[in-house]
Each structure stands twice: as structure tokens, then as C-alpha cells.
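Q: Let me begin by handing over the structure; questions about it come next.
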Amino acid sequence: MADRVLAVRGPRSLLRQIREAMAGGGPAQARLDMVVRTIAQSMVAEVCSIYLLRASGDMELFATEGLSPDAVHVTRMKSGEGLVSEIVRLGRPLNLTDAPLHPKFSYRPETGEDPFHAFLGVPLLRGGRPIGALVVQNRTARVYGDDEVEDLQTISMVLAEMVASGELVGLTELQDVELAPHRPERLKGQRFAEGLAFGVAVLHEAPAAPEKLLTDDAAAEEIRLQISLEALRRQIDEMLDGHSLVGVPRDVLETYRMFAADRGWNRGLEEAVRSGLTAEAAVERVRSEQRARLSQARDPYIRERLHDLEDLADRLLRVLAGETPGKRILPENAILIARNLGPAELLEYDRTKLRGLLLEEGSQASHASIVARALGIPCVGRLARLRDRISEGDPVIVDGEQAEAFLRPRADMIESFRARADLRAQRYAEFAKLKDTPAITRDGDKIKLLMNAGLAVDLDNLPQTGAEGIGLFRTEFQFMVAEQMPRLSAQTELYAKVLEAADGKSVVFRTLDLGGDKVLPYIQADREDNPALGWRAIRMGLDRPALLRLQLRALIAAAAGRELRVMFPLVATVEEFRRARAFVDDEVAWARRRGRPAPDPLRVGAMIEAPSLIWHLDALLPMTDFVSVGTNDLMQYLFAADRDNPRVSDRYDPLSPPALRALKAIGDACKESGTPVSVCGELAGRPLEAFALIALGFERLSMPPAGIGPVKRMILSTDREAASKGVAGLLKSGGGSVRNEIETLARKLNVAL
Ligand code: PEP
Ligand code: MG
């Protein structure tokens, strides 16, 4: 075999010939035959064959130059049989001096392959999934060089993309071949945001389109790749040096840095570009090969590293594209597919077209899930190997009720989905009818139902749900969707708009709660090992008062003499609250001095999210006008379990004695001191959890808009006194979770859950 065929013959001429042969007219089989002939000639191989993987697991010979033509569509290797199956199993090339000596070699007389000893086979990969194998063979026993292996992999990538993107339509034998996952699949995950949606898959990390695979100018493409790699390395160094606030842990960044500097990775990309691929296609090729090789690894450490490599590839693609992925144009009814997503990334997508979200990882309490709930976008997470099982444009159902995803659903599934969506719409119409009904328990206690919000788009939900106000306005969302720091005028404008929309209903503005997983690309901050325990929320506000003051100024201006409720996030000590409150007083005095109206009345409150406060409520409560329990963070800190880490975030149940006792202690202390208290964590929006909360004594619940209807229905059917007695008994339980017991109690009391 001549060395470096792709390089020697002019990098792209072979790839171009293959592409032309594939895309040309005539019967598909003839085109495929032409492709193997062209490859054999170019690579000076006596044999070149293409095998494709049938849905049954068989590898079928689809075209050959050099073996007997009668074997085409006749020779089939069962799964686990023969060298071609071995290539698919391993997901990597097999380079053999003397193929018949390999234990997996399976002799097929109809092929007439007796005289051929040297064997080089590479998998045909699509998104890391093998769809077949490409093989060259020679008579003499020899070893193919690394360059030849490299070339054959590039050829196989181009071939795989073209086969999979429909260039061979008309080939009847193809019907049974899984070029892309095409069977309906049902995946079980976890519910992060409820609701139902049907649409088409949009991959957050999209593969390069087949027409963008080849470059006409490999030298220029290599320079482009080098510049982007350099930019990527700089980005990672900056993150590690702490020049930008990112939500990526240090060890992961270190791994990124290691891979980004890894000669193997870089060389793989360079080689792929030199052989005629675009930089984007090179990234795809290398990623696909890594996926095929590493995804079978049992070792969780290796699988984790594969994720890191994939993230790195995504970052590089983003650098190459010079844009953020969220700025992509979405089709109507888009269902976004991602491994994981930050809240800001989710907010970048066009909300008028985004219908649902499916994640391979993620957690219920993460801010991306909160944003999904706030936007009313159903979201199912923890769907194992989701991205391997789906292609861009596949139809998908997101079932945020049963925590399932249906990929490429059959017609009957779609029909049953539509029936359920109708039912859901009816149920919501029932809730809508309840919107003006006060939430009063059967024994006459009034419960105030408020909604959580954070963006102007949320405001329509206020009249639609009948919420009695906004119990938590997350002001940081405005900062997270902006390209740059919102100015005083932009902040004032948003707050004034919120107050207008509230039309006299109460609104609690929470001051900026940044840090943790809420990151702003335009703010520089030190990197931290434990962001959830780090410099975030009010800690940042107190240390950098300019930002806090600006925000308070905007709030006071927007209130324009009306009522203003301000609340501070993540207060951990009484002193922090005292200092934060002093800023409010200063700003009010500043406004007065300028002859501007002071808010009337002004109410200043604290979020109870740090467990420390539970034992200092006697000191805190007299200083506050109200408090609100942020159960998302309170649970994270109570159980020492990162709300964003899927391995631990759901390990502990808030419906358990320690959590319920902590909540009760807060509720009781507030009652005793006459301090209004609400619960504004996500718990409050789930009927069973809300049932427990009202049983514990809470009378104000603030929740995602979609929770109002179901929670109100629960309240209307609840005898609160009986519920309180039942739940009080369960607080003494010695078990870990009392969820089942609470549910049994609610059912016994005929509560509508
Ligand atoms: C909470 O922690 O419960 C809360 C409401 O705040 P966030 O989810 O924004 O941290
Ligand atoms: Mg919080």
C-alpha cells in the first residue's frame, strides 16, 4: 500500500471522489460499488469492502472490490462472529498482519478471501454509534502504518455521514440497517419540570452537517483549527486562574486543561484536518471515535473522563463557530436535548419555540430545572445515554408527568400522548376555573398562594393562575439573560413593570442571588472549590456594596412611593441581615434627600436558607418584617448534599423527620414572634409536600406558576387539623423518609393530590 494516500494524492481528491460517487446518479448499489473500487485503487489495496450493521446485529457485506461479487448481501456475520463484528464491538480499528491467525477470524468460502492476509478494518461511526465497518485487505502479510489507519478513519467518517444522511436511498437492503437510531424508544428518567410536550429533537451539542464535512483549503483549515485550539486553551487557563466565574469544578477544569494540551487529542484533530476534513468535522470524528471506544468502559472514572472530553469538544466547536449554542435558530416545537445545561444557557434559547427539555444528567433542584419550571417547559432528566439514542430532528415526546421520554414514538403513542395532553388541558381548565376561588381548607383556614417569578415573561402567569402575588422574584435572572450588566435604568424598568403587572398584589423582590450555579459571563470573580458554600448571594452584596446599592436604588425608584418588599438571600448570621438592612435605610434616606418618594410601606425580610439561623430566630425575627424559607438551599445545607450534583441531590428526602422538624421549628418561632413566614422553595409547588407544609402550620406558599392549580385543589380538599395531627405523629418516626406515610395519610383523608 502506498503511504499516506490522502496526503500523497492531494488531500481531498479521494474524499471528493467518494462524495461524488455517492451523490451521483444511478442505482445506489452501483454507487456503493464505485466507492469501494475508488478506495481500493487509491489505497493500493487488493480488497475494499463495506459491511453494514443490521438491526438484528448481523454484519452484512454491502459492497466489495476484490472479494467475490456473489458474496454481496449474502455474507452475513452474526453478532460476535468474525473480524468485522469485532471491530464494531471494540469501536476501534483492527490492524492485522495475518488476519486468519486472529482468534475471531471466521472463514467464509463464498467470499474467496483465502489469499488475503493483511487486514485493516475501521468502524463506520455515527455520533459514536457503529453502523458498520470499512475494510481493506492485501495479499502479503504486512502492517498498515499509522497514517494509513488515520486515512481510512477519515474516509470512514465521510462515508458514514453520507450513508446515514440518506445518500443511498433506494437500496432495498438498507431498510433493515440502523443508520441512525430509528426504533421507538422509551426512556425512564426523573421529573424536573412537569408538563407534556411533543416536538422535534434539537441537540444542544449539534454534530456538523454532512455538507460541511470537507474543506477546499486544508492549510487554511489547519490554521483555523490551531487558532481555535489556542483560544480554547486560553479560555481554560483563564477559568483556572479565576478570571471568570464559571460553574465548572476545579478538578474538571484541570482535566480540560490536560486534554486540551494533550498531544494525542491535538494530533488527532490536526491529522483529521490535514486529510481534508473541516475543523468541525475533525472534532466530530475524534469525538465519535472516543465515544465508541470509551462508552463501553465500566469504570465510572473513565466514563466521567469521556464526559469531560465531550464537553471539551463542545467548547471547541463553540469557539470554532464563534457563537453561543443558544443563539441557534430553533424549529417550531423544539425539544432541546443536552447532557446538562446551565440556567443561563437555557435562557438563551428562543422561548417562543422551545417546548421541552431532555437531559442526560441534571438535578431537580438545579437552577436549570427551576428555570424550566418557571418557563413552564416540561423537563425530564437523568435519561441514560440519551444523546447516543437520538438524532437531530427525531420526533420526541417529553412526558413530565411520568418522568419519561419517548424517542421516535409510534403513531399510537402519539395518539395516546395527544389524548393525555387534552386531558391535561382540561384539568388545567378546571384549575383556571378555580383561579378566583380562595384557597381555604375544609376546616376554614385560608392559605395564601403566591408564585415565583424572575422574568418579565412570567408576569402573564399572575392573572392566569390567580396567584395572590409574587412571593419570590429572582432578580438575578435579568442579569443572567443579559449580555452585559443591566444598568440602573434597565433594572428600574423591569421592577416597575413587575409592580404594574402585580396591580396592587404583593411582590417580594429578592436581591441578587449570584454565585453557586448562577454565573454571569461578564463578571469576573475568583474561582472557588465549593461555590455553593462560597462567595455568593448576600455575601457578595455586602462585600461589593456598589451592586447591592444600585439594585436597591432601582427598587426604590420603581416603587415610587408604593409598597416595597425586599428580601435578602442566603443570610447566615443576624449581623449580615443587620448590615444588609442598613443599606436599604441608607438608600431610602438618599432618595428622600433628593426629594423622591420613599416606599410606603417598606418591608425588609430575610430568606432562611442557612441552617445556622434556625437556632437564632429569636434574635433575627424581631429585626425582620417577614421571612421566607428557601427549602432548595436549606435542604442542600441541612443534608450536606449539593443540589446540583445528581449523585447526591436526591439522596435525602425533605419529607423526613429532620427536615420536617427543622421546618416546624421555623414555623413555630415565626408564629410566636408574629413574623409573617412563607415557603418559597420548589417544595411548596408540589401537592404532597405542600400538604405537609400546611400541616406543619405554614399559611403562605410561593411556587412555580404551574403549581398553583394543583396545590389549591389539594388545599380545598384538606382537613388541616386532621392533617396536622397525622403529620405531628410522623415527626417522631425513626425512619429516613416518611413520604409514603404522608401520602397514605393524605389518601385516608381524601385529599386530592
Ligand atoms: C431556595 O433556595 O429555596 C430558593 C427559593 O432560592 P433559589 O432556588 O433561587 O436558590
Ligand atoms: Mg436559594
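The values are calculated or read from the model by the stated rules, or taken from the named source; none is laboratory data. Nothing here was measured: the structure is a model prediction, and the numbers come from that model. Positions of Cβ are generated from backbone atoms using ideal geometry, with glycine treated the same way; all protein chains shown enter the neighbour counts. Each accessible area value is taken on the protein alone, full model and side chains, heavy atoms only, with ligands, DNA and RNA left out. Shrake-Rupley method; radii C 1.70, N 1.55, O 1.52, S 1.80 Å.
Q: Checking Ala582 against (1) without any contact (Cβ under 8 Å) to a residue 40 or more places away in the chain; (2) more than 35 Å from the chain's Cα centre (by Cα); (3) under 18 Å from Ser612 (Cβ atoms), only one condition comes out false. Which one?
A: (3)
Q: Test of understanding: among Glu81, Glu65, which residue is over 19 Å from Ser156 (Cβ atoms) and either in the same structural domain as Met162 (by TED's automatic domain parsing) or aromatic (Phe, Trp, Tyr) (or both)? Before the answer, list the steps.
A: Working: Glu65 fails: over 19 Å from Ser156 (Cβ atoms).
Going through Glu81, Glu65 in turn, the sole match is Glu81.
Q: Of all helices (runs of 4 or more DSSP H) completely enclosed by the range 13-116, which ones contain at least 3 residues that are touching an Asp or Glu at 6+ places or on another chain (Cβ under 7 Å) and not polar (S, T, N, Q)? I'd like the intermediate steps shown before the answer.
A: Values: elements: 13-23, 28-42, 82-90.
Result: 28-42.
Q: Can you spot a residue in the range 479-488 that is within 24 Å of Gly709 (Cα to Cα), more than 16 Å from ligand 1 (Cβ to nearest atom) and of a type in the set (D, E, K, R)? Reasoning before the result, please.
A: Step one: of the range 479-488, the residues within 24 Å of Gly709 (Cα to Cα) are none.
The answer is no, given that none of the residues of the range 479-488 is within 24 Å of Gly709 (Cα to Cα), more than 16 Å from ligand 1 (Cβ to nearest atom) and of a type in the set (D, E, K, R).
Q: Can you tell me which residue in the range 567-579 is farthest from the chain's Cα centre (by Cα), limited to those that are within 16 Å of ligand 2 (Cβ to nearest atom) and open to solvent by less than 30 Å² (accessible area, probe 1.4 Å)? First the steps, then the outcome.
A: At the first step, the residues of the range 567-579 found to be within 16 Å of ligand 2 (Cβ to nearest atom) are 567-572, 576-577.
Keeping just the survivors that are open to solvent by less than 30 Å² (accessible area, probe 1.4 Å) gives 567-572, 577.
Numbers: Met567: 30, Phe568: 29, Pro569: 26, Leu570: 26, Val571: 29, Ala572: 31, Phe577: 35 Å.
The qualifying residue farthest from the chain's Cα centre (by Cα) is Phe577.
Q: For the range 513-545, which positions are touching a strand residue (DSSP E or B) at 6+ places or on another chain (Cβ under 8 Å), among the hydrophobic types (A, V, I, L, M, F, W, C) and open to solvent by 20 Å² or more (accessible area, probe 1.4 Å)?
A: Selection gives Trp535, Met540.
Q: Would you please name the residue that is farthest from Glu401 (Cα to Cα), looking only at residues in the range 430-441 that are open to solvent by 50 Å² or more (accessible area, probe 1.4 Å) and assigned to a helix (DSSP H, G or I)?
A: Asp436
Q: Under 22 Å from Val498 (Cα atoms), out of contact with any Phe, Trp or Tyr (no Cβ under 9 Å at 6 or more places or on another chain) and either within 16 Å of ligand 2 (Cβ to nearest atom) or not in a strand (DSSP E or B) (or both): does that describe Ala598? Walk me through it before giving the result.
A: Working: under 22 Å from Val498 (Cα atoms): yes; out of contact with any Phe, Trp or Tyr (no Cβ under 9 Å at 6 or more places or on another chain): yes; either within 16 Å of ligand 2 (Cβ to nearest atom) or not in a strand (DSSP E or B) (or both): yes.
Yes: the conditions hold for Ala598.
Q: Further question: Is there a residue being part of a helix (DSSP H, G or I), open to solvent by 20 Å² or more (accessible area, probe 1.4 Å) and within 9 Å of ligand 1 (Cβ to nearest atom) anywhere in the range 602-615?
A: no
Q: Is there any pair with a first residue in the range 359-385 that is polar (S, T, N, Q) and a second that is within 16 Å of ligand 2 (Cβ to nearest atom) and open to solvent by 10 Å² or more (accessible area, probe 1.4 Å) whose Cβ atoms are under 6 Å apart and which are 6 or more apart or on different chains, and what are they?
A: Pairs that qualify, where the first residue is polar (S, T, N, Q) and the partner is within 16 Å of ligand 2 (Cβ to nearest atom) and open to solvent by 10 Å² or more (accessible area, probe 1.4 Å), are Ser363/Asp644; Ser363/Ser649; Ser366/Asp644.
Q: Suppose we filter Lys748, Lys712 for residues that are open to solvent by 20 Å² or more (accessible area, probe 1.4 Å), away from ligand 1 (no atom under 16 Å from the Cβ) and farther than 26 Å from Ser649 by Cα; which single one remains?
A: Working: Lys712 fails: open to solvent by 20 Å² or more (accessible area, probe 1.4 Å).
Lys748 is the lone residue from the list that is open to solvent by 20 Å² or more (accessible area, probe 1.4 Å), away from ligand 1 (no atom under 16 Å from the Cβ) and farther than 26 Å from Ser649 by Cα.
Rundown of residues vs (1) in contact with a Leu (Cβ under 8 Å, 6 or more places away or on another chain); (2) more than 20 Å from Pro545 (Cβ to Cβ), yes/no style:
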{"residue": "Ala467", "(1), (2)": "yes, yes"}
{"residue": "Arg474", "(1), (2)": "no, yes"}
{"residue": "Leu488", "(1), (2)": "yes, no"}
{"residue": "Glu493", "(1), (2)": "no, yes"}
{"residue": "Ala502", "(1), (2)": "yes, yes"}
{"residue": "Val508", "(1), (2)": "yes, yes"}
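Q: Now a separate question. What about Gly667, is it within 16 Å of ligand 1 (Cβ to nearest atom) and in contact with a Phe, Trp or Tyr (Cβ under 6 Å, 6 or more places away or on another chain)? Break it down into steps so the answer makes sense when it comes.
A: Values: within 16 Å of ligand 1 (Cβ to nearest atom): yes; in contact with a Phe, Trp or Tyr (Cβ under 6 Å, 6 or more places away or on another chain): yes.
Considered against the rule, which asks whether it is within 16 Å of ligand 1 (Cβ to nearest atom) and in contact with a Phe, Trp or Tyr (Cβ under 6 Å, 6 or more places away or on another chain), Gly667 comes out as yes.
Q: Counting only residues that are of a type in the set (Ser, Thr, Tyr) and away from ligand 1 (no atom under 16 Å from the Cβ), which one in the range 490-512 is least open to solvent (accessible area, probe 1.4 Å)?
A: Narrowing the range 490-512 to residues of a type in the set (Ser, Thr, Tyr): 492, 495, 506, 511.
If we keep only those that are away from ligand 1 (no atom under 16 Å from the Cβ) too, we end up with 492, 495, 506.
Values: Thr492: 30, Tyr495: 1, Ser506: 22 Å².
Among residues in the range 490-512 that are of a type in the set (Ser, Thr, Tyr) and away from ligand 1 (no atom under 16 Å from the Cβ), the one least open to solvent (accessible area, probe 1.4 Å) is Tyr495.
Q: Of all the residues that make up the range 134-165, how many are under 15 Å from Leu124 (Cβ atoms) and either within 33 Å of the chain's Cα centre (by Cα) or not in a helix (DSSP H, G or I) (or both)?
A: Residues of the range 134-165 under 15 Å from Leu124 (Cβ atoms): 134-136, 149, 151-165.
Now restrict to residues that are either within 33 Å of the chain's Cα centre (by Cα) or not in a helix (DSSP H, G or I) (or both): 134-136, 153-165.
The qualifying residues number 16.
Q: Hey, another quick one. Can you tell me which residues in the range 478-488 are in a helix (DSSP H, G or I) and at pLDDT below 95? Quick ask: steps written out before the conclusion?
A: Here is the first cut: in the range 478-488, the residues in a helix (DSSP H, G or I) are 478-481, 488.
Listed by number, the residues that qualify are Gln478, Phe479, Met480, Val481.
Q: Sticking with this structure for a sec: Being surrounded by 14 or more Cβ atoms within 10 Å (Cβ to Cβ) and of a type in the set (D, E, K, R) is the filter here; which residues of the range 590-601 pass it?
A: Correct list: Arg596 only.
Q: Inspect all residues belonging to the range 616-634 and state whether any of them is within 16 Å of ligand 2 (Cβ to nearest atom), touching a residue at least 24 places away in the same chain (Cβ under 8 Å), of a type in the set (S, T, N, Q) and open to solvent by 10 Å² or more (accessible area, probe 1.4 Å).
A: Yes, the conditions are met somewhere in the range 616-634.
Q: Looking for something over 29 Å from Leu306 (Cα atoms) and surrounded by fewer than 17 Cβ atoms within 10 Å (Cβ to Cβ) - is there at least one such residue anywhere in the range 52-63? First the steps, then the outcome.
A: If we filter the range 52-63 for residues that are over 29 Å from Leu306 (Cα atoms), which is where we start, we get 60-63.
Cutting the leftovers down to surrounded by fewer than 17 Cβ atoms within 10 Å (Cβ to Cβ) gives us none.
Within the range 52-63 (the criterion being over 29 Å from Leu306 (Cα atoms) and surrounded by fewer than 17 Cβ atoms within 10 Å (Cβ to Cβ)), the answer is no, since none of the residues qualifies.
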